[in-house]
1. Which is outside any loop (DSSP other than H, G, I, E, B), of a type outside the set (S, T, N, Q), touching a residue at least 60 places away in the same chain (Cβ under 8 Å) and under 20 Å from T32 (Cα atoms), of M250, M259?
2. So for segment 229-242 (the condition being assigned by TED's automatic domain parsing to the domain that holds S188, among the aliphatic types (A, V, I, L, M) and in contact with a helix residue (DSSP H, G or I) (Cβ under 6 Å, 6 or more places away or on another chain)), does at least one residue qualify?
3. Using the structure shown, decide if E347 is over 28 Å from L286 (Cβ atoms) and either part of a loop (DSSP other than H, G, I, E, B) or without any contact (Cβ under 8 Å) to a residue 40 or more places away in the chain (or both).
4. Determine which member of the set M229, M214, M250 is farther than 30 Å from G24 by Cβ and either among the hydrophobic types (A, V, I, L, M, F, W, C) or surrounded by fewer than 16 Cβ atoms within 10 Å (Cβ to Cβ) (or both).
5. Could you tell me whether any residue of segment 350-365 is closer than 27 Å to T196 by Cβ, in a loop (DSSP other than H, G, I, E, B) and either within 16 Å of the ligand (Cβ to nearest atom) or not assigned by TED's automatic domain parsing to the domain that holds I194 (or both)?
6. If you check every pair at least six apart or on different chains, which have Cβ atoms under 6 Å apart with a residue in segment 162-191 that is at positive phi first and a residue that is among the small types (G, A, S) and within 13 Å of the ligand (Cβ to nearest atom) second?
7. Give just the number: which of (1) in contact with a Ser or Thr (Cβ under 9 Å, 6 or more places away or on another chain); (2) more than 16 Å from the ligand (Cβ to nearest atom); (3) part of a helix (DSSP H, G or I) does K227 not satisfy?
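The values are calculated or read from the model by the stated rules, or taken from the named source; none is laboratory data. Just so we're clear, the structure is a prediction, and the values are computed from it rather than from any experiment. When we count neighbours, we look across all protein chains shown, and the Cβ atoms used for this are built from the backbone with ideal geometry, even at glycine.
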Amino acid sequence: MTVKLNIPYGRQDITQDDIDAVIGVLKSDFLTQGPCVPKFEKKISKYCGAKYAVATNSSTSSLHLACLALGLVKGDWLWTSSITFVASANCALYCGAKVDFVDIDPTTYNLCPKALKNKLIKAKELGILPKIVVPVHLSGQSCDMKAIHELSKEYGFKIIEDASHAIGGKYLDKPIGNCEYSDIAVFSFHPVKIITTGEGGIALTNNFELSESMSLLRTHGITRDPKKMTNESDGEWYYQQIKLGFNYRMTDIQAALGMSQLERLDNYISRRHELASRYNNFLKDLPIVIPYQDNSSHSSFHLYIIRLKNEKTHKQVFEYLREKGVIVNLHYIPVHTHPYYQKTKVEFTELKHSEQYYKDAISLPLYPTMTEHQQDLVISTLREALQL
Ligand SMILES: *Cc1c(COP(=O)(O)O)cnc(C)c1O
């Protein structure tokens with residue numbers, strides 16, 4: 001009898017240090033709004049080389065705050081890639097704005113700057129240019145941020161990098177998240193991502209006003225800063241709500257876990273690269289396309305995505321792997337094809353590379369605690385699957 005495998009596509013790594021850090025907070029005076037969150041924010045902004053960081057309860061919340069801080073309102077457009085998690089697009093709908101999608105580059109699977117340019121030229125003629133573009137660093141490989149930044153100057157849009165996959169990655173030898181070519185960048189700390197806080201996210205920026213605006217909206221739009229109040233403070237107890245915000249705060253429990261995880265971030269990225277090159281080596285003779293890595297980028301390798309050369313076998317291969325306990329996944333279903341987006345009455349066009357991607361892409365298991373033995377089992381099962 002063979003035992004069914006159980007190899008997930010991703011999973012967290014929790015050490016005794018992480019557990020001790022969390023227990024430390026549980027025994028302290030503050031479970032939330034204590035000293036850990038600001039410390040965590042400082043550490044991340046220093047690691048990335050961005051001036052300001054605003055931690056939240058999820059990357060989805062960070063994307064929402066980023067859109068609000070950049071002034072996205074009803075009637076505006078936000079453009080993003082269709083090969084992403086729905087949150088990259090939903091943030092615009094929360095603000096009452098409309099969403100359209102730019103096709104991916106067929107080699108990197110990231111938002112294609114050429115497709116963006118063509119779409120901008122047409123949108124300009126029609127007078128419907130986007131206010132915000134959200135490039136998504138799929139699997140942790142940076143988009144061509146220089147090209148997108150150039151276009152932002154020419155066409156006057158703001159940039160939010162959805163770097164949910166990409167903490168620890170680099171672009172042009174600098175950490176992703178430094179916001180050199182964007183207004184705001186966000187990371188996710190969901191357990192399948194590179195480091196985790198259980199749930200959690202963070203928004204980075206070099207712009208003081210944007211960071212202040214996101215901090216205010218993170219906590220109900222309430223300020224305790226007398227300088228921001230409309231009248232003199234009534235006394236020690238006094239605060240004012242000056243905007244309509246949310247409770248998007250990260251807890252100190254989460255921040256302590258995040259700080260402890262951050263210590264191992266660089267090791268995680270190295271291990272992910274080791275495993276990725278092993279995949280590259282052992283899979284190169286198979287009828288698949290292995291992940292292209294651009295010279296400008298040092299990926300965090302959140303995902304190891306293969307493309308089947310024969311799309312007809314896609315479902316079969318996927319099901320065979322899952323049946324054997326190799327829990328592959330598909331990142332992502334093109335967002336524009338979801339029923340909710342089909343109902344938005346926007347006519348989505350020219351997304352052929354995104355649609356082709358959906359027909360043949362598979363994310364293989366990859367996480368830092370994966371053993372070579374487990375990886376070998378994934379490889380041999382994939383070989384079997386492809387011979388069906
Ligand atoms: C995970 C993810 C998100 C959402 O992150 P949460 O922290 O779960 O809200 C957004 N965008 C992308 C690309 C993601 O992968």
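1. M259
2. no
3. yes
4. Sole residue among the options that is farther than 30 Å from G24 by Cβ and either among the hydrophobic types (A, V, I, L, M, F, W, C) or surrounded by fewer than 16 Cβ atoms within 10 Å (Cβ to Cβ) (or both): M229.
5. Yes, there is a match, as at least one residue in segment 350-365 is closer than 27 Å to T196 by Cβ, in a loop (DSSP other than H, G, I, E, B) and either within 16 Å of the ligand (Cβ to nearest atom) or not assigned by TED's automatic domain parsing to the domain that holds I194 (or both).
6. Cβ pairs passing all conditions: G168/S300; G177/A163; G177/A185; C179/A185.
7. Failed condition: (1).
To keep it simple, each residue is scored yes or no on (1) within 22 Å of H302 (Cβ to Cβ); (2) surrounded by 24 or more Cβ atoms within 10 Å (Cβ to Cβ); (3) out of contact with any Ser or Thr (no Cβ under 9 Å at 6 or more places or on another chain).
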{"residue": "W79", "(1), (2), (3)": "no, yes, yes"}
{"residue": "T84", "(1), (2), (3)": "yes, yes, no"}
{"residue": "T108", "(1), (2), (3)": "yes, no, no"}
{"residue": "L116", "(1), (2), (3)": "no, yes, yes"}
